[in-house]
Structures are given as C-alpha cells and as structure tokens.
Amino acid sequence: MSGCSDNVSGCLGSMSKVIIPARIVANESRGGYYSLKVCLGAAEGELKLKPGQFIELGLGQSDLVLRRPFSVFQAKGCELEILYQVVGEGTRRLRDMSMGTELSVMGPLGNCWPIPDESEAAGQRVLLLAGGIGAAPLAMLAEELLARDVRVKLILAARGRDWLCEYEWFQRLLPSDGLMVATDDGSVGVAGMITGPLDLVLQRDPSYDCAYICGPEPMMAACARRCNEEGLASWVSMERLMACGVGACLSCVAPTTKGLQRVCADGPVFAAKEVMWDEARASRVR
C-alpha cells in the first residue's frame, strides 16, 4: 500500500488567523444534533479553511468569556455551516439563538487532513470513519478527495437514525457503493458499532491506502488499532476542551509518542500511531 501524504503540518501558518463578525442565517434542529449557518461580515473571503481545520465562535455573551471551538461542515463563500450537539452551557445558549444574532468567528485554526498531491491522488482508495458528530470535519475532506479522483468509502456510525449526521448529504455526494452505515439500535444499516462494518470492509479488501477517523475517542482508538493491525496508515482528529484555541494556554494537550501535543495548535489532526490512547483516555478532562 502506498499510503497517503503525511504532511499534516502543511497548512499550519498558511494564513494569518482573523476575527470576523458573523450573523446567524439558520439554526435548525436535525434530530439528535443541530445545524448552524452563519454569514461572515465585511471580511468575506478572508477565512480560507482547509479540510480538518476548525474555528472558534464568540457567542457575544458577557458571562461566557471564552470562545467555543467547532469543526466546519461546509464553507461556501461567506457562509459557514457547523454541526453541533448540546453538551454544555455554551451550546445550550447557541441552540436558543435566532436568525440575525451577531457572533464572531476566529480562524482558521489548527492543522488539516493530509491529502494526496494531485499528481498522485488519482486511483488511491481511502476509508473515512465517522462516529456521530465526527462526520462534520470529514465532509470537506470527502469533497476534496473526490475532486482529486480518489476513491472514497465512508462508514457512518451513530447511536440511531436521528444522530446520523447529514446521512442524506453523504448519500448524494458518494457513489452507491461508497457509503456504509452502522447504528447502535439497528434503525439504519448494520446494528452495532462501527468496528463491525470496518472489519467486513478490511476482510473483503485490505488494499486501501489510508483511513481518516473522527468521532468519540474510544471509537477512534478502536478503529485506529484495527487499521494498524492491517498495516493501514490512519489519521485522527482529536477533541479536547480548549480555552484559547491558539496553543497559548496548554489546556488541551494530549499524550503522543512525541510528548504532550496541543490539540488546538499541533493538531487537531494526528497520525493515529502517534497517539497514546490509554494515556489519552486517562488524562482527558470531562
């Protein structure tokens, strides 16, 4: 297997971070998650995100000093779409915000998914493994890979139908054999965890070039270990609580074979083989 590019640092520092005013144009429930669309203000075109990078939202609430980090599902012109779940006070406030509410966006932040060079991409075959809201940072990646004639298979997993993030969107994007689904309750696709269809795919055809993984940490660890057993290079997008988003406060470090790495600045994308999964689980702040 040729593997994919390992240049995860290629987009670090590729553009200065900016803070741009934004306005909510849609904030809708999608069942188990929400879709937020914001239109950027006067600095339209300055926020050039690469697949895997993230933003931080300023919610304009005097008692919520820190910005909140979010992956970007889509970035089209001046409009950004974010998928989120309500997990704390910040996302509870965000859920209740209406069209026209003023926010601010800081970005682009972090590194990006390593994508094969255009001269080498055509014909490569990759797996995308998404758990729950982890589908969001894989969407722009899938579009970019397909544009480079990479053959993509996505395994989309969630607890049930309502939590399958943008299932119909991925159905439209991918060829008919490019999408598999697993749900804990069996409401869509295979019943059970994502490792079931992953095992099936790798047993049938182990000749993929690499895998990109995003979702809950135990899910990423299990998928990364399975890929490693097959000698398949894999990349993960980590998540941590972030106070600053720019690598200054060291609140989001994760243990790797290179030492403690800042998820917001050295990541969020890491080679899965470098993440020390047992230590990462033990050190995670909840």
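Condition first: in contact (Cβ under 8 Å) with a residue 24 or more places away in the chain, surrounded by fewer than 16 Cβ atoms within 10 Å (Cβ to Cβ) and touching a helix residue (DSSP H, G or I) at 6+ places or on another chain (Cβ under 9 Å). Can you find one or more residues in region 131-144 that meet it? Outline the logic, then answer.
Initial filter on region 131-144 (in contact (Cβ under 8 Å) with a residue 24 or more places away in the chain): 131-144.
With the extra rule that they be surrounded by fewer than 16 Cβ atoms within 10 Å (Cβ to Cβ), the set shrinks to 143.
Those left that are additionally touching a helix residue (DSSP H, G or I) at 6+ places or on another chain (Cβ under 9 Å): 143.
There is at least one residue in region 131-144 that is in contact (Cβ under 8 Å) with a residue 24 or more places away in the chain, surrounded by fewer than 16 Cβ atoms within 10 Å (Cβ to Cβ) and touching a helix residue (DSSP H, G or I) at 6+ places or on another chain (Cβ under 9 Å).
For Gly267, are the conditions met, namely being at positive phi, buried (at least 19 other Cβ atoms within 10 Å of the Cβ) and either touching a His at 6+ places or on another chain (Cβ under 7 Å) or modelled with pLDDT of 95 or more (or both)?
no
Out of all the residues in region 183-199, is one or more more than 20 Å from the chain's Cα centre (by Cα), in a helix (DSSP H, G or I) and surrounded by fewer than 14 Cβ atoms within 10 Å (Cβ to Cβ)?
yes
Only one residue in Ala211, Ala222 is buried (at least 23 other Cβ atoms within 10 Å of the Cβ) and not polar (S, T, N, Q), so which one is that?
Working: Ala222 fails: buried (at least 23 other Cβ atoms within 10 Å of the Cβ).
Checking each option against the conditions leaves just Ala211.
So which of Val150, Val105, Val126, Val87 ends up being outside the structural domain of Gly192 (by TED's automatic domain parsing) and in contact (Cβ under 8 Å) with a residue 24 or more places away in the chain? It would help to see each step written out before you state the result.
Numbers: Val150 fails: outside the structural domain of Gly192 (by TED's automatic domain parsing); Val126 fails: outside the structural domain of Gly192 (by TED's automatic domain parsing); Val87 fails: in contact (Cβ under 8 Å) with a residue 24 or more places away in the chain.
Unique residue meeting the criteria: Val105.
Taking into account only those residues within region 91-102 that are free of Cβ contacts under 8 Å to residues at least 60 places away in the same chain and assigned to a helix (DSSP H, G or I), which is nearest to Asp209 (Cα to Cα)? Walk me through how you get there before you give the answer.
Initial filter on region 91-102 (free of Cβ contacts under 8 Å to residues at least 60 places away in the same chain): 91-93, 96.
Cutting the leftovers down to assigned to a helix (DSSP H, G or I) gives us 91-93.
Details: Thr91: 37, Arg92: 40, Arg93: 42 Å.
Going through the qualifying residues, I end up with Thr91.
Report, ordered by the first and then the second residue, all pairs with beta carbons closer than 6 Å, sequence separation of six or more or different chains, a first member in region 187-206 that is hydroxyl-bearing (Ser, Thr, Tyr), and a second member that is not in a loop (DSSP other than H, G, I, E, B).
Final answer for the pair search is Ser187/Arg161; Thr195/Ala222.
Going through region 200-225 one residue at a time, which ones are outside any helix (DSSP H, G or I) and in contact with a strand residue (DSSP E or B) (Cβ under 9 Å, 6 or more places away or on another chain)?
Selection gives Asp205, Ser207, Tyr208, Asp209, Cys210, Ala211, Tyr212, Ile213, Cys214, Gly215, Pro216.
Identify the residue in region 102-121 that is of a type in the set (D, E, K, R) and either buried (at least 24 other Cβ atoms within 10 Å of the Cβ) or modelled with pLDDT under 95 (or both) and, among all such residues, is nearest to Lys17 (Cα to Cα).
To start, the set of residues in region 102-121 that are of a type in the set (D, E, K, R) comprises 102, 117-118, 120.
Remaining after also requiring either buried (at least 24 other Cβ atoms within 10 Å of the Cβ) or modelled with pLDDT under 95 (or both): 117-118, 120.
Values: Asp117: 25, Glu118: 26, Glu120: 30 Å.
Result: Asp117.
Among (1) crowded, with 16+ Cβ neighbours inside 10 Å; (2) of a type outside the set (Ser, Thr, Tyr); (3) in contact (Cβ under 8 Å) with a residue 60 or more places away in the chain, which single condition is Gly160 missing?
(1)
The values are calculated or read from the model by the stated rules, or taken from the named source; none is laboratory data. What you are looking at is a predicted structure, and each value in this text was computed from that prediction instead of being measured. Counting neighbours? That spans all protein chains shown, and the Cβs are built from the backbone with ideal geometry, glycine included.
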